[in-house]
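The values are calculated or read from the model by the stated rules, or taken from the named source; none is laboratory data. All values reported here derive from a predicted model rather than from experimental measurement. Cβ coordinates were reconstructed from backbone atoms using ideal geometry, including for glycine residues, and neighbour counts include every protein chain displayed. What goes into the accessible areas is simple: the full protein's heavy atoms, side chains included, and nothing from ligands, DNA or RNA. Shrake-Rupley method; radii C 1.70, N 1.55, O 1.52, S 1.80 Å.
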Amino acid sequence: MILIKGAKILDGSGKRPVFIADVLLKDNKIAAIGKFPAKKSHLTIEALGLYLAPGFIDVNTDSDHHLTLFTNPLQQDFLLQGTTTIFGGLCGASLAPLISGSLDSIRKWTDTKQINIDWQTVGEFLKVLGRRKLGVNFGTLVGHSTVRRGIVGEDSRDLTIPELEAFKKILKESLKGGALGLSTGLGYAHARRVPYSEIKELATVVAESGGVYATHLRDEREGLLAATEEAIQIARETGVKTLISHFRPITGFESEYKKSLELIHSAAGEFNIHFDNYPFSESMTPIYTLLPSWAQIGNLEIMLTYLKNPETRARLLKDLAGIDGGAVRIAQAIGQDYLVGRTLREFSENQGLPVAEALLKLMQLTGLRAVVFHKNLNEDLLFQSLDREQSMVASNGASLPADTRTLKHERFYRTFPKFLETVLQRKMLALPQAIAKITSVPARKFGLKNRGLVEEGKIADLVMFSQHHGINIEHVFVGGQMAVKDRRTQNIFAGEILKNGRAS
């Protein structure tokens, strides 16, 4: 047993003010909350003014896309910021089900040759991951593009009726095997032309299972309003719990964002709809998304032909003429690691090329498989969205190993402390309400009945933090085991595989 004495408890509900109590942990659960002056335990922790809250839940992460679930299973970057549960399979790409055994849907994020695949279905994947052990709890959605590419390959055509029925069958089996829902990456090349009718059919299957439909919108710029309306219409017509992924105010399209935000606010009174965001003004994105939309067609190889063809290359240079080289930094360049950390402006100066030409050269040099940070968000408007009732918080990042060849963005390791600091400094939310937004709210959304609250009988996923010159994560418990002690990870692999509540 572990006894935590005199903690300032934030129970995660958002309804109860801070109260001081002792908390007793037994096995993997919260055994009791109260005053236990004479209670004996094998470990007693004096809270000494520390807050105790449920472990934070990150609804949009990329550790699966970067394959660090396998190469860095401790997931220390999440633990050290108080995160005990992460979800993967976002933006249309997941590690299962794999119809053809291919990980092509994640190759824009990482080198897929890092691991050997010994699974096909979601159930098999989760068993493999469970045997390997993780430092945090993990659940996955089914990636729409992963399944679609397994059915039709690189074709961007509509599915035939038999193909759609096969997709629905695979999705049902995946949900039964433990998947938490379905995600789409409608803003990416492979899914941009997927018809509404296909998404509606699949979302209906997800709704029947009680799962979540998460969507990377079809357009985040001029067409943001229409893309938001599409997501809302899916929720309206199917009843599926909907999450709009990384709903960001891109600079130059603030008016569209504000109108879309109000649409979501209005719809939330009728449907279960949220959006997630992070408190940083930079996007992290595959480099090909810097191309104009007309050139984002087909796979990477097809897009590379546009860079080489004289006619389309000239058109690209014209369209990219206004790009700010100082606002783009190379975060990952597979096979060209020496480029990591450089801005596009630095690269262009080194090459003696105008910025637009340097960008095309960089794209060719990396085979369009680089990842960049792009400072393209309106920070004030982004922060203003954080206190919305429909907003959730997500890093949209991965926990990377110490010897990574990828530049770590701050959101990978400080999203949740930064969120709390931001809303408290700006007096946007009181601490109990801010904690609820990153604990009980996502737990309810994803059907995690035993997590998200400091309550007797709940799983003991807990975070203890101080509030002195910012938010400082001191101790973290995963399943009742002390995974972080005095701001240091303890090499504890207590994470569980989380499954759909209706999974077999």
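The table for this structure:
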item	result
Odd one out for ALA179 among (1) free of Cβ contacts under 8 Å to residues at least 60 places away in the same chain; (2) assigned to a loop (DSSP other than H, G, I, E, B)	(1)
Single residue of ALA191, ALA214, ALA166 found to be in a helix (DSSP H, G or I), under 30 Å from MET303 (Cα atoms) and either open to solvent by less than 10 Å² (accessible area, probe 1.4 Å) or free of Cβ contacts under 8 Å to residues at least 40 places away in the same chain (or both)	ALA166
Options LYS418, LYS458, LYS445, LYS449: the member that is closer than 30 Å to GLY211 by Cα, out of contact with any strand residue (DSSP E or B) (no Cβ under 9 Å at 6 or more places or on another chain) and not aliphatic (A, V, I, L, M)	LYS449
Which listed residue, of ASP380, ASP387, is open to solvent by 10 Å² or more (accessible area, probe 1.4 Å), at pLDDT below 95 and closer than 20 Å to ASN60 by Cβ	ASP387
Matching residues, segment 1-27, being surrounded by fewer than 17 Cβ atoms within 10 Å (Cβ to Cβ) and among the polar types (S, T, N, Q)	none
Matching residues, segment 340-365, being in contact with a helix residue (DSSP H, G or I) (Cβ under 7 Å, 6 or more places away or on another chain) and either touching a residue at least 60 places away in the same chain (Cβ under 8 Å) or more than 23 Å from PRO310 (Cα to Cα) (or both)	THR343, ARG345, LEU359, LEU362, MET363, GLN364
Residue check, LYS15 among the basic types (Lys, Arg) and touching a strand residue (DSSP E or B) at 6+ places or on another chain (Cβ under 9 Å)	no
